[in-house]
Every structure is written in structure tokens, then in C-alpha cells.
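Input: a single structure, listed below in C-alpha cells.
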Amino acid sequence: MSNPVLVEVLRGGHVESRHRGAVAVFDADGKAMLEIGDTQRPVFPRSAVKSIQALPFVETGAADAYGFGDRELALACASHNGEVGHVELARAMLAKAGLDVEALECGAHWPSYQKATIELARSGGTANALHNNCSGKHTGFLCACCHGGIEHRGYVRADHAYQEMLRGALEDVTGAAHNADNRGTDGCSIPTYAVPLRNLARGFARMATGVGLGQERAKAATRLFAACMAEPFYVGGTDRFDTRLMNVAKGRVFTKVGAEGVFCAAVPELGLGIALKCDDGASRAAEVTVAAVIARLLKGDALADEIAEFTRPRLTNWNGIEVGGLRPAGELA
């Protein structure tokens, strides 16, 4: 099955490029509210499922034991810019568990935000694992291990006790198998599992509503979503799509980007979860797609008009001259 065109890229009023993909919108009971393209094809959700991976961090009592609030919980779900605020919060979280940057096994890269990279280089600093966009997630893993008396070294391995906990949470929430047959390795070295978009969409509806989850898991999911929506800067950072959209939505919408054109989202008041993937892995198209889907679901609400602004981003050149833009296409138009 060939996925349809979801987004068009314009230059001078002409379509220059097209992005194909698939979208699933489900409720927590497994009812499809919207399906476009092949939603049964397994995809690697990558960082889009960080909120699910953060469940054991809350459920084990680690977050409360170390006195963490919304900012720390949001950072545990983040793909952050590596700005000073992100780095220092991750450092402080590790210190609460008696650890430092050396405990992180996510690898090091320069901040994702160019200004943060320039400031770090200008000060004579070098990038370390705290600047990794996944350092908040890994810090949550480490804190939970230390609190639970689990040996933290090697925590990124598929056979590590904590990865087994994460795999169990992912299976419980999505209802899809997570095993060696559909396992790959994520950019931050932990396992990632390919599952159908429809399972991911249903899973995010469960996270948003608690339906189908145990009492403690439902409470943890609600708390994590609320933290991310309350502190969106710590989920992404300056100029990041997740941060900008959740700032506009003011606690009504949760979104989380994943690598390679994946997005997962939820509209808690509607009890709906969203999962999508652009076939070519383009994040620009995935952002337009998730905004178009959310605006469609909220049609008739003033918030829909605000979110619709995200569906037609302008493209400018290095002189700041507008050269084109993006727009939803096909069933999303």
C-alpha cells in the first residue's frame, strides 16, 4: 500500500516537493477515529514514546523520593535543545541520585540549538552527554535505578533489568509486542521497537485518559502529560515545535516529536491519541501533519484556529526573503 501525499512544499506558488505518510487517530478502547495510509505498518517511534518510557521513573517512587516536580518530569520526557537550563537541570537531577555526567550512556553531541552551541564553544567548553537531547530521559532511567537498588551500569542494554521494565510499560500501553524480532537501537543507544501507528495512537489515548491502564500507571501517565504541558520548554526548548505548540495549547494538547518523521500526540479532553509518520523522515512535514490533525479534531474551537497557524509555515532564504512554504495536502487539506 502506497501512502498518500500529506504535505506539499511550495516555491514561488508551485509545488516543489511532496511528502507521503500515514496517520492514525484512536481512542483508548481501540476505536479508529481517523486513519490515513497504512497504519498497520510497523514504524520505530524513536523519541516520540519518551513519556511512556518515563512511566517507571514515576511508578517506582523515584521522582517523589528525589523531590522532582514538573520541570524534572518534563525533562525526563524530552528531546531537548541542550540549552543551559536543560543541561543544568539534568546535572542537578543526577546529583540527587549521587551521580554525575559520567553515569550517562547516551553519548555526547553539541547542543541542538545553534545559539547554545556557539555560547558553549565561545566559553571554551566542549559538549558532553548532558548536552545530548536524550540526557533528561537517561537521567530519569538512572535515578529510577539508583532509587530501586538496580545496578545502573549498562542500563542501555536490551537485557538490563531497567530496559525490561521499560519494555513491559511499552507493551502494556500500546498493546503491541516488543521483542528481539522488532527491536533496533535508538540514537541514544537504548532499544527501540517497531510497532504499528494504530497501536501507538491507542497507547497515547490510554496515556491521556488512563483507560486500560492500572490505577498507578494511569496516575503516572496523567502526571507526566500534565508536567510536559505545564513546562513545555523542558520538553524541547527555544523555537522547538513541541514547545511552541504546547505553549499555545495551554494544557489542552500534548505532542512529542520522534526522529525520522514520527510524531505522537494526544488531546486529553477528547480522549484521543495521534500517531503519524512521514515516509521520507522529514520533520518539517511531520510538524505540519500533526498540527493539521489536531486542528481538525478541535474544529469549531478557537484553539483550532491558533494551531492551524502551524500548518502553513513560511520558508525564507538566508536574506530573510520569503521563498515558499508548506501546506497540508490530500485528506488533510
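A helix-only calculation puts the chain at -11500 deg cm²/dmol for mean residue ellipticity at 222 nm, using -39500 (n - 2.57) for each DSSP H run of at least four residues, averaged over all residues. Extending 7 Å from Cα along the Cβ direction at residue 179 and again at residue 314 yields two label points whose distance is 5.3 nm.
When peptides 258-265, 85-92 are ranked by their average number of other Cβ atoms within 10 Å per residue, the highest-first order is 258-265, 85-92.
The Cβ shell under 15 Å around residue 168 holds other residues with a net charge of -2, Lys and Arg each +1, Asp and Glu each -1. Rounded to the nearest 20 debye, the dipole size of segment 8-87 about its Cα centre is 400 debye, using +1 on the Cβ of Lys and Arg and -1 on the Cβ of Asp and Glu.
Near residue 79, once Lys and Arg are set to +1 and Asp and Glu to -1 for all other residues with Cβ below 15 Å from its Cβ, the sum equals -1. Given R0 = 56 Å, the distance between the Cβ atoms of residue 306 and residue 153 translates into a calculated FRET efficiency of 0.75.
If you run the Gaussian network model on the chain, springs between alpha carbon atoms under 10 Å, then out of 311, 238, 192 the most flexible one is 238. Protein heavy-atom surface of segment 5-332, 1.4 angstrom probe: 47% of the accessible area is carbon and sulfur, with nucleic acids and ligands not counted. Rounded to the nearest 10 degrees, what's the angle between the helix 197-209 long axis and the longest principal axis of the chain, both from Cα atoms, 0 to 90? With rounding to tens, the tilt is 70 degrees.
FRET efficiency for the residue 333 to residue 161 pair, using the beta carbon distance and R₀ = 45 Å, is estimated at 0.40. Across segment 32-143, the volume of the C-alpha convex hull divided among the residues equals 140 Å³ per residue.
Check the straight Cα-Cα distances from residue 299 and name the aspartates and glutamates below 16 Å, setting aside those fewer than 8 residues away within the same chain. Answer for residue 299, where 16 Å is the Cα cut-off: 269, 309, 331, listed by chain and number. When you work out D = kT/(6 pi eta Rh) for segment 129-208 at 10 °C and 1.306 mPa s, using the Kirkwood radius from C-alpha pairs as Rh and the Stokes-Einstein form, the result is 117 µm²/s. Remark: the chain carries 41 Å² of accessible area per residue (probe radius 1.4 Å; ligands, DNA and RNA excluded). In this structure, the amide hydrogen of residue 176, modeled 1.01 Å from its nitrogen in the peptide plane, lies closer than 5 angstrom to no residue at least 5 positions away or on a different chain.
Per residue, the convex hull spanned by the alpha carbons of segment 208-333 comes to 124 Å³.
Ordering 289, 146, 120 by Cα displacement along the dipole of the chain toward the positive end leaves 289 in first place; charges were set at the Cβ atoms of Lys, Arg (+1) and Asp, Glu (-1).
What does the C-alpha gyration tensor say about the overall shape of segment 172-259? Classify as rounded when a/c is under 1.5, otherwise prolate if a/b is larger than b/c, or oblate. Cα axes put segment 172-259 in the oblate bin.
Once the C-beta distance of residue 322 and residue 238 is scaled by a Förster radius of 30 Å, the resulting FRET efficiency is 0.85 to the nearest 0.05. Mean sequence separation of contacting Cα pairs (under 8 Å, at least six apart), scaled by the length of the chain, corresponds to a relative contact order of 24 percent.
Phi angles of segment 166-171 translate, via the Karplus equation with coefficients 6.51, -1.76, 1.60 and θ = phi - 60°, into HN-Hα couplings of 5, 4, x, 5, 5, 5 Hz per residue; Gly and Pro are given as x.
For the chain, with equal point scatterers placed on the C-alpha atoms only and solvent neglected, what are the log10 I(q)/I(0) values from the Debye formula at q = 0.14 1/Å, to two decimals? For the requested q values the scattering log ratios are -1.09.
The values are calculated or read from the model by the stated rules, or taken from the named source; none is laboratory data. Predicted model, so just to flag it, every value in this text is computed and none were measured. Glycine gets a Cβ as well: all are built from the backbone with ideal geometry, and neighbour counts include every protein chain shown. Side chains included, ligands, DNA and RNA excluded: accessible areas come from the protein's heavy atoms. Shrake-Rupley method; radii C 1.70, N 1.55, O 1.52, S 1.80 Å.
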